Amino acid sequence: MEQEKPSMTPQQAEITEAITSNFITSLRSYKEIAVGKDAGYVSFLKYELYTLLFSNLPGIAGLGLRQKVYKSLFNRIGRGAVVGRGIILRNPAKVSLGSGVIIEDYCCIDAKGNNPSITLDDFVTISRFSTITAKSAKISIGKGVNVGSYTRIASQSCIEIEESVLIAAYCYIGPGNHARHQGNLASKEPSKPLIEREMEIKGGVKIGKHCWIGAHTTVMDGVTIGEGSIIGAHSLVKESIPSDSIAVGVPAKVISMP
Ligand SMILES: CC(C)(COP(=O)(O)OP(=O)(O)OC[C@H]1O[C@@H](n2cnc3c(N)ncnc32)[C@H](O)[C@@H]1OP(=O)(O)O)[C@@H](O)C(=O)NCCC(=O)NCCS
C-alpha cells in the first residue's frame with residue numbers, strides 16, 4: 001500500500017521520492033546531488049573515489065593530497081589553496097578557489113540546481129562548520145573575506161560579498177521567506193501548506209568591502225550593506241544599510257552615520 005506522504009519542501013519531496021523508489025532512481029538522484037545534472041558517470045566515479053580516499057585524511061598529508069587531487073574536481077584551485085578534512089563537497093565543478101584560500105575542516109560547499117556557481121577569491125578563509133550553498137545561484141566571496149565558524153551563506157539568486165569583509169560566527173546570510181499568499185484565497189481554494197511553497201526571491205544580498213558583520217547576525221535576501229559598515233551582534237538586517245554606518249538590533253536600525 002502506498003504510504004501517505006506529509007507536506008514537504010519541493011526539494012525534500014523530490015529527494016525522498018527518489019530514495020524510496022528503486023536503486024537506479026536513488027543512484028541517479030545521489031549522482032545529481034554529488035556532481036550535478038550534467039556530469040557523466042566517469043566524473044561521478046572520480047568524485048566518489050577521491051572523496052572516499054582523501055576527504056577524511058587528517059594532518060598535513062591530508063591537506064597536501066587534497067590540494068593535488070581535488071584540482072581535477074573543482075573548476076579551479078589557485079596556488080596554495082587548502083581544503084580541510086570532512087568537507088561536504090557538492091558539484092565541485094561549479095566551484096572556483098583562488099590562491100591562498102583556506103576552507104577549514106567540516107565545512108559544506110554545495111553548488112546545486114541549474115547553472116550555480118561559487119567563487120572564493122584569493123585569500124578567503126571559511127572557518128570550521130560553515131556552509132556555502134548556491135541553489136541555482138551565483139555566490140561570489142571577495143579577496144581576503146573571513147567567514148567565522150557555523151555561518152551559513154545560502155541563496156537561490158545571488159550573493160556578492162566584497163573584499164575584506166569580516167563575518168563573525170553563527171551568521172546567516174541570504175535567507176528569504178516562504179511565500180505566504182500563494183493559492184487563490186478569493187475562490188476559497190485551499191492554499192498549499194507553507195512548507196511546500198516556493199521562496200519569495202528578492203534579488204540576493206550584497207555586502208560592500210570592509211564591512212564587519214557581528215556574531216549571530218541574519219542578513220535577509222534583498223539587502224545591500226554599504227561598504228565600511230558595522231552590524232552589531234545578534235542583529236536582523238531586513239532593510240539595506242548605507243555605507244560607513246553602524247546598525248544594531250532586531251530589526252537592525254542605524255545608530256551611527258559618518
Ligand atoms: C555594534 C558594536 C560594534 C557597537 O559597539 P560600540 O560602538 O562600543 O557601541 P556601544 O556599546 O557604545 O553602544 C551604543 C548603543 O548601541 C547599543 N548596542 C550596541 N551593540 C548592540 C547590539 N549588538 N545589539 C543591540 N544594541 C546594541 C548599545 O546598547 C547602546 O545603546 P544606548 O546608546 O541606548 O545605550 C558592538 O556592540 C557589537 O555588537 N560588536 C560585535 C561583536 C562581535 O560580534 N564580535 C565577533 C568578533 S568577529
### Summary
The percentage of the accessible area of the range 107-258 (probe 1.4 Å, all protein chains present) made up of carbon and sulfur atoms, to the nearest whole number, is 54
### Summary
Check: in the range 123-258 the Lys pairs 8 or more apart or on separate chains whose Cα atoms fall under 27 Å apart number 23
### Message
7 Å from Cα along Cα→Cβ at both residue 65 and residue 257: what's the point-to-point distance in nm?
### Response
5.8
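Between residue 250 and residue 22, what is 0.36 nm times their sequence separation minus the Cα-Cα distance? Round to one decimal in nm.
77.4 nm
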### Message
Quick check: pseudo-label points 7 Å beyond the Cα along Cα→Cβ at residue 198 and residue 9, how many nm apart are they?
### Response
1.6
#### Entry: Solvent accessible area, Å² - residue 35, 1.4 Å probe, full protein context
20
### Query
Among residues other than residue 84 whose Cβ falls under 9 Å from its Cβ, what is the net charge (Lys/Arg +1, Asp/Glu -1)?
+1
#### Entry: Filtered GluC sites (Glu not before Pro), the range 1-89: DSSP coil and at most 14 other beta carbons within 10 Å
2, 4
### Query
If we count every other residue with Cβ under 12 angstrom of residue 32's Cβ, Lys/Arg +1 and Asp/Glu -1, where does the sum land?
+3
### Summary
For residue 114 and residue 99, extending 7 Å from Cα along the Cα-Cβ vector and measuring point to point gives, in nm, a value of 3.8
### Query
Which distance in Å, rounded to a whole number, links the C-alpha centroids of the range 96-157 and the range 218-241?
19
### Task
With springs only between Cα atoms under 10 Å apart, run a GNM on the chain and tell me which of 42, 95, 124 wobbles the most.
42
### Query
With the other protein chains left in place, how much accessible area per residue, in square angstrom, belongs to the range 81-142 at a 1.4 angstrom probe?
32
### Solvent-accessible area of residue 63 with every protein chain in place, 1.4 Å probe, in Å² to the nearest 10
60
### Query
When the helix-only estimate is applied to the chain (DSSP H runs of n ≥ 4, each -39,500 (n - 2.57), divided by the residue count), what is the mean residue ellipticity at 222 nm, nearest 500 deg cm²/dmol?
-6000 deg cm²/dmol
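The values are calculated or read from the model by the stated rules, or taken from the named source; none is laboratory data. Quick caveat: nothing in here was measured; it's all calculated off a predicted structure. Every residue, glycine among them, receives a Cβ derived from its backbone with ideal geometry; neighbour counts consider all protein chains shown. All accessible areas refer to the heavy atoms of the entire protein, side chains included, with ligands and DNA or RNA removed. Shrake-Rupley method; radii C 1.70, N 1.55, O 1.52, S 1.80 Å.
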